[in-house]
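*Asks:* Pasting a structure here, questions to come.
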Amino acid sequence: MINGKKVLFSGMQATGSLTLGNYLGALKNWVNLCDEYECFYSVVDMHSITVRQDPAVLRQRARNLLMIYIAAGIDPEKNCLYYQSHVSGHAELAWILNCFTYMGELNRMTQFKDKAARHADNINAGLFTYPVLMAADILLYQADVVPVGIDQMQHLELTRDVAQRFNGVYGDVFTIPEAYIGKVGAKIMSLQDPAKKMSKSDENPNASIYLMDDPDTIMRKCRRAVTDSEAQILYREEQPGIRNLIDIYSSCTGKTPDEVVKEFDGKGYGDFKTAVGEAVISVLKPLQERYAKLAEDKSYIDGIIKENAEKAGHTAARTLRKVQRKVGFPDRIRS
Ligand code: ATP
Ligand code: LTN
């Protein structure tokens, strides 16, 4: 508990350009959680270097992501928004947790298997222990809840196992975190292949709507979205393309899928796709405008980066000291 509230932690990697899937599945749901929870949202730049990055690009993307958090409506006064690499406790706790995680557990992680296959020339130890760093992120803040997509559940389960193992040896040190999966927009699919999730690392730019796409591009991508020849707008498994567009429309407008089906009863796919495009544009336009303003205000963003790193560092240091003492590291001598 911090300030009488339960603690929430989540993070995103600054790799690639954020998609509508990242927004509807994650960011949008993060905005109001600070009423109920003490929220920490990190730009997890240390995770990013598990695959090769251009330093200048990574630095810029990390800053852009932090600005996107704010532009999406996450208030930096009420939420702690910071770079993972600015709080050294993440790396320090990750080392300790590495010694409480089994190779067999890490070997089972599907994200590792996927990424190892995609980056066969660079299967580094960081890629393998990525989930341990993620566990450190979460446990460092004694998070009660972690909003993540379904794809991250396996990592969260591992975090819980490692925390329980540690607590089993040393007593109640870590809070055991629960996953928090948003209902709407939990999985937005690719516009070109509705069997795959919309992903920022998709090579086909038409598969994803990027948060910074201009209105014409958004409309074009929606109109080109792969559907079917059923010629009816129904929310069902047999029509995954239409179903995905209904999910997007309903997530952007706040209407339920049933309401959307009624609204477009008897209408053609062309009309529906145009409506989806308009709904997405009306959600992304204000975000883009806020982002453009933030990008001009360097000192405001710098101030947030500095203050929030200090705030996160303070909370992190408390857990880290406790853990170091538990495992038997000597106390520092203070003069
Ligand atoms: P990558 O393609 O680089 O693996 P990604 O687009 O899948 O990236 P992540 O950085 O892994 O995105 O995820 C950031 C957050 O966005 C996570 O909480 C994840 O669950 C969520 N998310 C990502 N893609 C989608 C999607 N298509 N629908 C809903 N949520 C998503
Ligand atoms: N692995 C996550 C990003 C991430 C994260 C975290 C999410 C790193 N640390 C801690 C929640 C909590 C991803 O790829 N989406």
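*Asks:* What do you reckon, is Ser42 out of contact with any His (no Cβ under 6 Å at 6 or more places or on another chain), open to solvent by less than 10 Å² (accessible area, probe 1.4 Å) and closer than 23 Å to Val162 by Cα?
*Replies:* Against the criterion (out of contact with any His (no Cβ under 6 Å at 6 or more places or on another chain), open to solvent by less than 10 Å² (accessible area, probe 1.4 Å) and closer than 23 Å to Val162 by Cα), Ser42 qualifies.
The rows are residues; the columns are (1) surrounded by 15 or more Cβ atoms within 10 Å (Cβ to Cβ); (2) of a type in the set (D, E, K, R); (3) in contact (Cβ under 8 Å) with a residue 12 or more places away in the chain; (4) over 19 Å from Leu211 (Cα atoms).
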| residue | (1), (2), (3), (4) |
| --- | --- |
| Gln288 | yes, no, yes, no |
| Ala292 | no, no, no, no |
| Glu296 | no, yes, no, no |
| Glu310 | no, yes, no, yes |
| Thr315 | yes, no, yes, yes |
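*Asks:* With respect to the numbered conditions (1) surrounded by 15 or more Cβ atoms within 10 Å (Cβ to Cβ); (2) modelled with pLDDT under 95, which one is the sole condition not fulfilled by Glu203?
*Replies:* Only one criterion in (1) surrounded by 15 or more Cβ atoms within 10 Å (Cβ to Cβ); (2) modelled with pLDDT under 95 is unmet by Glu203, namely (1).
*Asks:* Are there any pairs, at least 6 apart or on different chains, whose C-beta atoms fall under 6 Å, with the first in the stretch 250-263 and surrounded by 14 or more Cβ atoms within 10 Å (Cβ to Cβ) and the second outside any helix (DSSP H, G or I) and not aliphatic (A, V, I, L, M), and if so, which?
*Replies:* Matching pairs, first to second residue: Ser251/Gly185; Pro257/Tyr235; Val261/Tyr235.
*Asks:* Let me ask you something else. Taking the stretch 1-22 as the search range and keeping residues that are at pLDDT 95 or above and either part of a helix (DSSP H, G or I) or more than 26 Å from Met189 (Cα to Cα) (or both), which one is nearest to ligand 2 (Cβ to nearest atom)?
*Replies:* Leu8
*Asks:* Residues Val226, Val173: which one is within 28 Å of Ile246 (Cβ to Cβ) and surrounded by fewer than 21 Cβ atoms within 10 Å (Cβ to Cβ)?
*Replies:* Going through Val226, Val173 in turn, just one is within 28 Å of Ile246 (Cβ to Cβ) and surrounded by fewer than 21 Cβ atoms within 10 Å (Cβ to Cβ): Val226.
*Asks:* While we're looking at this one, here's another question. Only residues in the stretch 153-165 that are closer than 13 Å to Gln111 by Cα and open to solvent by less than 60 Å² (accessible area, probe 1.4 Å) count as the first member; pair them with residues that are assigned to a helix (DSSP H, G or I) and at pLDDT 95 or above, Cβ under 7 angstrom, at least 6 apart or cross-chain, and list the lot.
*Replies:* His155/Pro131; His155/Met134; Leu158/Glu105; Leu158/Pro131; Leu158/Ala135
*Asks:* Which condition number does Val146 fail, the rest of (1) assigned to a helix (DSSP H, G or I); (2) open to solvent by less than 20 Å² (accessible area, probe 1.4 Å); (3) within 13 Å of ligand 2 (Cβ to nearest atom) being met?
*Replies:* Here Val146 meets the rest and fails (1).
*Asks:* Looking at (1) in contact with a helix residue (DSSP H, G or I) (Cβ under 6 Å, 6 or more places away or on another chain); (2) closer than 30 Å to Lys6 by Cα, can you tell me which one Ile123 breaks?
*Replies:* Here Ile123 clears every test but (2).
*Asks:* Hey, among the residues in the stretch 111-130 that are among the hydrophobic types (A, V, I, L, M, F, W, C) and more than 14 Å from ligand 1 (Cβ to nearest atom), which one's surrounded by the most Cβ atoms within 10 Å (Cβ to Cβ)?
*Replies:* This residue is Phe128.
Residue-wise test of (1) within 24 Å of the chain's Cα centre (by Cα); (2) of a type in the set (D, E, K, R); (3) on the phi > 0 side of the Ramachandran plot.
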{"residue": "Glu296", "(1), (2), (3)": "no, yes, no"}
{"residue": "Ser299", "(1), (2), (3)": "no, no, no"}
{"residue": "Ile305", "(1), (2), (3)": "yes, no, no"}
{"residue": "Ala309", "(1), (2), (3)": "yes, no, no"}
{"residue": "Arg321", "(1), (2), (3)": "no, yes, no"}
{"residue": "Gln324", "(1), (2), (3)": "no, no, no"}
{"residue": "Val327", "(1), (2), (3)": "no, no, no"}
{"residue": "Arg332", "(1), (2), (3)": "no, yes, no"}
{"residue": "Ser335", "(1), (2), (3)": "no, no, no"}
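*Asks:* In the list Val51, Val44, Val57, which residue meets the criterion of being within 30 Å of Ala120 (Cβ to Cβ) and under 11 Å from the mean Cα position of the chain (by Cα)?
*Replies:* Criteria check complete, one pass: Val44.
*Asks:* Being open to solvent by less than 80 Å² (accessible area, probe 1.4 Å), of a type in the set (A, V, I, L, M), within 16 Å of Gly11 (Cα to Cα) and away from ligand 2 (no atom under 13 Å from the Cβ) is true for just one of Leu133, Leu106, Leu81. Which residue is that?
*Replies:* Answer to the check: Leu81.
*Asks:* Are any residues in the stretch 169-200 hydrophobic (A, V, I, L, M, F, W, C), modelled with pLDDT under 90 and within 14 Å of ligand 2 (Cβ to nearest atom), and if so, which ones?
*Replies:* Ile181, Ala186, listed by residue number.
*Asks:* If only one of Gly303, Gly270 is open to solvent by 30 Å² or more (accessible area, probe 1.4 Å) and of a type outside the set (Lys, Arg), which one is it?
*Replies:* It is Gly270.
*Asks:* Also: Determine, yes or no, whether Ile246 is more than 16 Å from ligand 2 (Cβ to nearest atom) and in contact (Cβ under 8 Å) with a residue 24 or more places away in the chain.
*Replies:* no
The values are calculated or read from the model by the stated rules, or taken from the named source; none is laboratory data. What you see is a predicted model; the values in this text were computed from it and never measured. Glycine also receives a Cβ, built like all others from the backbone with ideal geometry; neighbour counts cover every protein chain displayed. Calculation scope for accessible area: heavy atoms of the full protein, side chains included, ligands and nucleic acids excluded. Shrake-Rupley method; radii C 1.70, N 1.55, O 1.52, S 1.80 Å.
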